[in-house]
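Below: one structure, written as structure tokens.
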Amino acid sequence: MKEQVQTNPAAGSEMTAKKTQHQKIVAMVQIALFAAIIAVCSWIQIPMTVPFTMQTFAVFCALATLGGKGGTISVLIYIVLGAVGVPVFAGFTGGVGILFGTTGGYIISFLFTGLLFWLITHFLGDKLPVMILALVLGLAVCAVVGVLLLRGLAEVLDMLEVLCQVQLMV
């Protein structure tokens, strides 16, 4: 006697849903892992006025590995963790004050780097030359935004110094 094989279309969609859910969980774990890697790399530093750290390298690794969306989300998580006070920034520091300090422009620029990478790879594809171009342009954005915000901070501090001197004269 021949058995009839009964196919259940709902079972196939259930397997697809489980696979999709598994992929989402793996993506979330990878994003969190790269946020932690960025934090660890920010602690590896050469002390200067603006410390030279490995966090730019970690941001690039996150973007190249996770893609534009996942890498940008991991950078955003890193910045939010630091903003709420978790010591993930250079020198085991954290808090909103760091984002308004000398290194804040560079930290915030990582988000712009991720967004630029995401935009370029979305429209031009994720081939290696395109990714390298996107990362080089992201590095330029990081440097420009970091310097502009650092210079802007210096000008604000100079204005405050002048205002304090004017008040002392009066």
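Expected output is a single nm value to one decimal: the length gained when fully extending between Thr49 and Ala143, i.e. 0.36 nm times separation in residues minus the C-alpha distance. What is it?
32.4 nm
Which value, in Å² rounded to 10, gives the accessible area of Leu150 with a 1.4 Å probe and all protein chains present?
Taking all protein chains as shown, Leu150 has close to 50 Å².
What net charge do the residues around Ile25 carry, taking every other residue with its C-beta under 13 Å from that of Ile25, with Lys and Arg at +1 and Asp and Glu at -1?
Within the 13 Å Cβ shell, the charges total +3.
Roughly speaking, to the nearest percent, how much of the stretch 40-101's 1.4 Å accessible area is carbon and sulfur?
78
Divide the volume of the convex hull of the Cα atoms of the stretch 85-160 by its number of residues and quote the answer in cubic angstrom per residue.
Convex hull of Cα atoms, per residue: 97 Å³.
Would you mind classifying the stretch 17-60 by shape? Square roots of the alpha carbon gyration tensor eigenvalues, ordered a ≥ b ≥ c; an a/c under 1.5 is rounded, otherwise it is prolate if a/b is larger than b/c and oblate if not.
prolate
Could you state the accessible area per residue of the stretch 39-110 in Å², with a 1.4 Å probe and every protein chain left in place?
45
The values are calculated or read from the model by the stated rules, or taken from the named source; none is laboratory data. Since the structure is predicted, the reported quantities are computational estimates derived from the model, not experimental observations. Every residue, glycine among them, receives a Cβ derived from its backbone with ideal geometry; neighbour counts consider all protein chains shown. Accessible surface is based on the protein model in full, side chains and every heavy atom, while ligands, DNA and RNA are left aside. Shrake-Rupley method; radii C 1.70, N 1.55, O 1.52, S 1.80 Å.
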